[in-house]
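What follows is one structure encoded as structure tokens, with my remarks underneath.
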Amino acid sequence: MKKHSPVWILAVLVWTLAEAQVPSGDWILQKVDENIGSDNKISHSRMVIHGRRASRTVESRSWIQGDEKSFTEYLAPPREAGTKMLKLEDQLWTYSPSTDRTIRISGHLLRQSVMGSDLSYEDLMEDRKLRDLYAARVSGEEEYDGRVCWVLELTSKEEEVAYHSRKIWVDKERFVALKEDRFAKSGKLLKRTEVKDVQRMEGRWIPRKIVFKDMLKTGEGTEFVLEEVQFNAAIPDHVFSKASLRK
Amino acid sequence: MIKFLFKGLMRDRSRSLFPILTVVIGVMLTVFIYNWINGAQFNFIDSNARFNTGHVKIMSRAYAREADQVPNDLALIGVQSLVDKLQEEYPDMIWTPRIRFGGLLDIPDAEGETREQGPVMGMAVDLLSAGSNEPGIFKLEEALVRGRVPQRAAEILISEDFARRLKVQPGDTATLISVTMQGSMAVANFTVAGTIRFGVEAMDRGAMIADIADIRAALDMEDAAGEILGFFGDFMYRDPQASQITTRFNAAHGDDPDEFVPVMDTLLHQAGMTDLMAMLKMFSGLVLVVFIAVMSLVLWNAGLMGSLRRYGEIGVRLALGETKTHIYRSLIWESLMIGVLGSLIGTAVGLAESYYLQAHGLNIGFMMKNASLFISNVLRAKVSPVSYVIGFIPGLAATFLGSSVSGTGIYRRQTSRLMKELES
Amino acid sequence: MIIPKLALRNLLGAGLRTWLNVVVLSFAFVVIIWTQGLYEGMNAQAERASVDAALGGGQYWQEKYDPLDVFSLEDAHAIVPDSLGAMIAANRATAILVVQGTLYPKGRIHPVMIKGIDPDQQLLSLPSHFLKTGEDRFPALIGSRMAKSTGLKVGDTVTMRWRDAHGTFDARDVEIVQVMKTIVPSIDQGQVWIPLDRLRILAGMEEEAGLVVVAQGALERPEAPGWVFRDLDFLLSDIKQLVRMKSAGAAILYFVLILLAMLAIFDTQVLSIFRRKKEMGTLMAFGFTRGRVIRLFTLEGALHGVLAAVVAALYGIPFLTWFARRGWALPEAMDSYGFAIGEKLFPVYSAGLVVATTLLVLVITTIVSFLPTRKIAKLKPTDALRGRMS
């Protein structure tokens, strides 16, 4: 992608001049991606899951390389500690230390929720760029949580997508997606993601606290808190192998 | 006089042996059929109770509402103290927690990676702890196809068809992938100890039975359970008593708005079995009435003939100066003695047979596809207190009626004619 | 010909005694036929209900379709082959499309099978015509058990979510247009019925189906590559197994009942042979061989069976007919055992059952009547005339 950047910037420049103030949806999505970056990162995060009876917190550390490879190790609570998950392109494996088994998560299992959260494994698997899957259109400007945002409307360009359309609120200044709604083909709202806290980390604006919610289900949703992130980390290749699950 | 009549009966075999034998057989059949019908009815309730409803069942209110989806996140917690309390309050009853669960059974290959996988529904019961009643309640051996019943921790039984589909042998490892009470992914290794047949297509396609301690560990359900089943100590369901216990238990929590409060329900009330039971009772009652009527007719017949063939003897006795009434009375006494004796022996034999069939059952496996857990192909009788007296109704009443009717012949006939019959 | 006439005359001459035996035996007849009729009725009705409402004359399943395996259902749909399409066009079959989905009654997750059925189909008694609503509504039909477990009632709207053929989520609010009271659990529990056309469009599975139900009485079984025909024996195997077990239990009852009747006949035979020695002596004196005497007495006994059949017919036919017409009102709960019977149980008396029972009773009666007569073989006419048994 980097190779094409100059061409891109030129195109954007020409286009911006022509259309004055309103950038294209694609351009905004591009800016969002650039902010987050697709380089290696190591993060430490916390997930607060609200059940019908009680809430609990799951802690994990992740090693991520680009969009397609990630390795996660759960640290807490004690029951989940040591459970690992490896994602390579469109495949997902989980390893449970108590059974010493590596299980491939496929088919039906992908629809299950991750650790009881409002996120399914499938949601985690999403790695294709929104720009590739959706045609984006800027539908206006709105204020969200005190920040002025571009409102993007995304409609799928391909058939093989989980959500037919999405609506994303992107901070005009920081290019952070602050809110996202995902819709069914019928236009019914299925899932909502809201960023509750944005912080500057290592020179980038990073959503630190995100709430995911399955809108059809009653409940408070799942909170995701990024405790720590390290960009441009050196991650040895062997981390992203099935062998490292058992280590 | 009774002693005299008794001696007469004993010495004249044609007067005693055959009538008594008839009564014995008739009473025996009555007792037996009563127990048989009783057994059929009992088995029906019993298999429901054992595998599904208990005599009473406790669930959390929220769990009960969605029970068909096995919502273990809504399961009862603090189960041990609840069971202890129940055991203290109702020492004659057996209380046992169970967990139902769903998930995937995953069979590893040599590298520990997935070889075969299939959806599974499961039931966790206390199979292994010392003094547990569950092995007796489940009688897993009877439905066993291959291997053996779990004897150690982490051993499970799976359905035979399922095992074949997953290509699993007893002794192989199977990994359960399910969801913990909190919603996390649960993964646990088990050893397939054996395979069984459930007798219900849906379960035979994919089901497992595991020890509750293992499943609690796997699903993070320490001291929790989806349901607590209560059984009367003698495994006889008594609806009034069960209702009473239920009312008392629920009254203690009735006002609590908490959706996780435990609620109790009786066997009959669960799954709308009340009406079904009423129908079964009606059916068995009807069959029984018909049966006793038939039986009474047979014995009456026998009593009647018993008297008919003694007209000759009666003629002699009349000639000797006995009054007709006296003879009539002695005939009735005799028949009563035969009735009592026959009923006693008949009841004893009938009970013996019934007890045998209660313990061993009658295997109709030759008529059925296969033995299974839920649909037993062993039919059993069931002895109840009534079994001890039921035979006396036809036994006594029929012989008494028979001789009373046939004896009236004495009054109708002339002494001279009765004398003449002596010759024959 | 003298023997049958004589036997009948002797038998009828014995009066009360004979009639008692006959009545007892006739009871056995009627009870056996009645109970067995109830079982057969139960079987027939359970089968009929399932056949009428769900199974039809059998079903073609798309090769991956398996109602008990939720994992494979995702792929269990394909374009209806022409051979079956022709049957559907001729109203000799109807297609059903099955898509997995989730219902959200009051925000709770409730997994369901969404089944698309032609609202105009007449093949199944399933009341699909309720789904004939305007395009502005999204109708759904559920069963009473489903209504109970989801808390839904007629007029409610509920959100239903599913994924189309490409895995894209779709969700709509459906309106419960009818809660059908069905006795067949398989079309009720966890099932939501919607119009086939709508489901095909929404799921992106046009012209497709998961199964094709063949009309009852439609005999053609065309080749359909990629589809498997499931006959009723396969689809009804659970019910058949259960009924088989029930009637096995009842067989014991019949056995004991017949035993009981035989006890009465045996008793009568022994007695009459004991009492009628003089008569036998006379018959022999008139030139009857022992064999003929034995035949006479055996026939007398066996005639009990014939008379019993006649008597049983006299009161049994009206009773059994009345019962078959009236049916046995059953409480609703029978189906909680997964057994589709309905509110009334109507016994079914097959000709085979009646003939078999009659033959069985006659044969056994004859054997039982013959056994005591063997004594006659040892009889000396001279002793017999004096009324003595040697």
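The values are calculated or read from the model by the stated rules, or taken from the named source; none is laboratory data. Given the structure is predicted, the values throughout are model-derived calculations rather than measurements. Positions of Cβ are backbone-derived with ideal geometry, glycine not excepted, and every protein chain shown enters the neighbour counts.
Would a scan of the stretch A:78-101 turn up a residue that is out of contact with any Ser or Thr (no Cβ under 9 Å at 6 or more places or on another chain), aliphatic (A, V, I, L, M) and in the same structural domain as residue A:204 (by TED's automatic domain parsing)? No. Considering A:52, A:56, the condition of being buried (at least 18 other Cβ atoms within 10 Å of the Cβ), basic (Lys, Arg) and within 14 Å of chain B (Cβ to nearest Cβ) is satisfied by A:56 alone.
Per this entry, residue B:188 is not counted among residues that are surrounded by fewer than 24 Cβ atoms within 10 Å (Cβ to Cβ) and away from chain A (no Cβ under 14 Å). Go through (1) in contact with a Phe, Trp or Tyr (Cβ under 7 Å, 6 or more places away or on another chain); (2) in the same structural domain as residue C:226 (by TED's automatic domain parsing); (3) crowded, with 17+ Cβ neighbours inside 10 Å and name the single condition residue C:87 misses. So residue C:87 meets the others, but not (1).
Regarding residue A:92, is this residue touching a strand residue (DSSP E or B) at 6+ places or on another chain (Cβ under 7 Å), more than 7 Å from chain B (Cβ to nearest Cβ) and crowded, with 20+ Cβ neighbours inside 10 Å? In short, yes. Of everything in the stretch C:139-158 that is within 14 Å of chain A (Cβ to nearest Cβ) and at pLDDT 90 or above, the residue that is nearest to residue C:203 (Cα to Cα) is C:158.
What residue, of B:97, B:108, is in the same structural domain as residue B:238 (by TED's automatic domain parsing), surrounded by 20 or more Cβ atoms within 10 Å (Cβ to Cβ) and within 27 Å of the chain's Cα centre (by Cα)? Every option except B:97 fails the conditions.
For residue A:177, are the conditions met, namely being of a type outside the set (Val, Ile, Thr), under 13 Å from the mean Cα position of the chain (by Cα) and surrounded by 21 or more Cβ atoms within 10 Å (Cβ to Cβ)? Considered against the rule, which asks whether it is of a type outside the set (Val, Ile, Thr), under 13 Å from the mean Cα position of the chain (by Cα) and surrounded by 21 or more Cβ atoms within 10 Å (Cβ to Cβ), residue A:177 comes out as yes. If you go through the stretch C:235-262 and keep only what is within 13 Å of residue C:46 (Cα to Cα) and either of a type in the set (Asp, Glu) or in contact (Cβ under 8 Å) with a residue 24 or more places away in the chain (or both), you end up with C:235, C:236, C:238, C:239, C:240, C:242, C:243. Consider residue B:248 carefully, then state whether it is within 30 Å of residue C:245 (Cβ to Cβ), in a helix (DSSP H, G or I) and without any contact (Cβ under 8 Å) to a residue 40 or more places away in the chain. So residue B:248 fails the test.
Looking only at residues in the stretch A:124-146 that are surrounded by 15 or more Cβ atoms within 10 Å (Cβ to Cβ) and without any contact (Cβ under 8 Å) to a residue 40 or more places away in the chain, which one is farthest from the other protein chains (Cβ to nearest Cβ)? That would be A:144. Considering B:29, B:21, the condition of being crowded, with 24+ Cβ neighbours inside 10 Å, aliphatic (A, V, I, L, M), at pLDDT below 85 and within 30 Å of residue B:342 (Cα to Cα) is satisfied by B:29 alone.
Is the stretch C:159-166 home to any residue that is within 14 Å of chain A (Cβ to nearest Cβ), charged (D, E, K, R) and surrounded by fewer than 20 Cβ atoms within 10 Å (Cβ to Cβ)?
Among the residues of the stretch C:159-166, at least one is within 14 Å of chain A (Cβ to nearest Cβ), charged (D, E, K, R) and surrounded by fewer than 20 Cβ atoms within 10 Å (Cβ to Cβ), which makes the answer yes.
Output the residue which, of all residues in the stretch C:63-86 that are of a type in the set (Asp, Glu) and within 14 Å of chain B (Cβ to nearest Cβ), is nearest to the chain's Cα centre (by Cα). Ranking the candidates gives C:66 first.
Working only within the stretch A:189-215, note down all residues that are in contact (Cβ under 8 Å) with a residue 60 or more places away in the chain and of a type in the set (Val, Ile, Thr). Answer for the stretch A:189-215, where residues must be in contact (Cβ under 8 Å) with a residue 60 or more places away in the chain and of a type in the set (Val, Ile, Thr): just A:206.
Reported count of residues in the stretch B:154-185, each being within 14 Å of chain A (Cβ to nearest Cβ), touching a Ser or Thr at 6+ places or on another chain (Cβ under 8 Å) and not in a loop (DSSP other than H, G, I, E, B), is 5. Within the stretch A:184-209, being within 14 Å of chain C (Cβ to nearest Cβ) and either on the phi > 0 side of the Ramachandran plot or touching a Leu at 6+ places or on another chain (Cβ under 6 Å) (or both) holds for A:184, A:187.
Please work out if residue B:36 is in contact with a helix residue (DSSP H, G or I) (Cβ under 7 Å, 6 or more places away or on another chain), at pLDDT below 85 and either at positive phi or aromatic (Phe, Trp, Tyr) (or both). It would help to see each step written out before you state the result.
Details: in contact with a helix residue (DSSP H, G or I) (Cβ under 7 Å, 6 or more places away or on another chain): yes; at pLDDT below 85: yes; either at positive phi or aromatic (Phe, Trp, Tyr) (or both): yes.
The answer is yes for residue B:36.
Those strands (runs of 3 or more DSSP E) of the stretch A:175-233 in which at least 1 residues are at pLDDT below 85 and charged (D, E, K, R), considering only elements entirely within it, cover A:204-214. Being surrounded by fewer than 14 Cβ atoms within 10 Å (Cβ to Cβ) and farther than 15 Å from residue C:82 by Cα is the filter here; which residues of the stretch C:215-231 pass it? Passing the criteria: C:217, C:219, C:231.
Name the residue, out of C:37, C:107, that is modelled with pLDDT under 90 and within 14 Å of chain A (Cβ to nearest Cβ). Sole residue among the options that is modelled with pLDDT under 90 and within 14 Å of chain A (Cβ to nearest Cβ): C:107.
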